[in-house]
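**Student:** The structure follows.
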Amino acid sequence: MPRTRWLIVGLTTTIIFWLYVASHTFNNSHEVVLERNHEVSELRQRIIDLEKELNLENESMNRLQEEVKQSAYAQQKAIKSRAERLGKVPSNGHGAWKEPIPVLVFACNRQDAVGHHIQQLIHYRPSAERFPIVVSQDCDDMPTANVIKSFGEQVIYVKHIAGDKANITVAKNHLRWVTYYRIARHYKLALRHVFEKLGHTSVIITEDDLDIAPDFFEYFSATRFLLDEDQSLYCVSAWNDNGKPHSIDMKVRKN
């Protein structure tokens, strides 16, 4: 009988212990769930607030873009109107610049390239008087010089002393950039020849290995007046990194 009593007491104690543990664990779990639910609610509210802020920012950005677009359109219209009054841009919309704009070609020792480039320029230019071609060479490469001279009076050939013979002063820590010093000298001599000796007020600069588009001259003629009307512009550029035959569809044209 005593053995049975102790067995019952032991079993009862075990049951009470496990009920206590289960109850304590449930309470802790319930507290954790409540805490996590609160965190989730806060996170959702933050997301909602952030979405509202983003929507307001987008609306503000759209308004700003529209204002910039309207401002640019008004400025372009005003510039064109002023240019027409000055007689620089015909009111028929072609925008042809009336003064000559020479094409200054920089050449050195690529005879095939310069020959092809000059042929393109002559082929596409609408007028030799409006777009004289000046070819400037600063290398002593005779084959290239002969190709340039073969175009006769269709081009103006200018020969400078070669850069490697010009005794250019270069600081010792800049010797690795001596090629750029020579190129800069060539640009200075050629531009001085066009502006000071030939007396032009504009110039289109190209290099001997460039391909030009059929509307090359029309483009520069139509945009030249912008350099006078907008003092913030440094130049008008027609450079196109994707301007290669394999990336252009010549059949697609804007009406």
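**Student:** P(r) of region 37-78 in 10 Å steps, Cα pairs, percent per bin?
**Tutor:** Bin by bin from 0 Å, the calculated values are 27, 25, 19, 15, 10, 4, 0.
**Student:** Something else: Restricting things to alpha carbons, find the Rg to Rh ratio for region 82-222 using the Kirkwood radius for Rh. Could the numbers behind the result be given before it?
**Tutor:** Working: Rg = 17.0 Å, Rh = 16.4 Å.
That ratio equals 1.04.
**Student:** How much area per residue is accessible in region 182-247 when the probe is 1.4 Å and only protein heavy atoms are counted (Å²)? It would help to have the intermediate numbers written out before the result.
**Tutor:** Details: 4350 Å² over 66 residues.
Counting only protein heavy atoms, the per-residue value for region 182-247 is 66 Å².
**Student:** Taking the Cα centre of region 93-214 as origin and charging only Cβ (+1 Lys, Arg; -1 Asp, Glu), how large is the dipole, in debye to the nearest 20?
**Tutor:** Details: 14 positive and 13 negative charges, 97 e Å.
Value, rounded to 20: 460 debye.
**Student:** Oh, and also: Report, in listed order, any pair from LYS77/LYS98; LYS98/LYS197; LYS98/LYS188; LYS77/LYS244 with a Cα-Cα distance greater than 29 Å. If you can, show how the numbers build up before the last one.
**Tutor:** Working: LYS77/LYS98 20 Å; LYS98/LYS197 21 Å; LYS98/LYS188 26 Å; LYS77/LYS244 33 Å.
As for pairs spanning more than 29 Å Cα to Cα, those are LYS77/LYS244.
**Student:** Please list the three semi-axes, largest first and in whole Å, of the ellipsoid equivalent to region 155-220, using sqrt of 5 times the eigenvalues of its alpha carbon gyration tensor. Write out the running numbers ahead of the final one.
**Tutor:** Working: eigenvalues 157, 50, 23 Å².
Working from the Cα gyration tensor, I get semi-axes of 28, 16, 11 Å.
The values are calculated or read from the model by the stated rules, or taken from the named source; none is laboratory data. On a predicted model such as this, the values are computed, not experimentally measured, just so you know. Positions of Cβ are generated from backbone atoms using ideal geometry, with glycine treated the same way; all protein chains shown enter the neighbour counts. Accessible surface areas use protein heavy atoms only, side chains included; no ligands, DNA or RNA. Shrake-Rupley method; radii C 1.70, N 1.55, O 1.52, S 1.80 Å.
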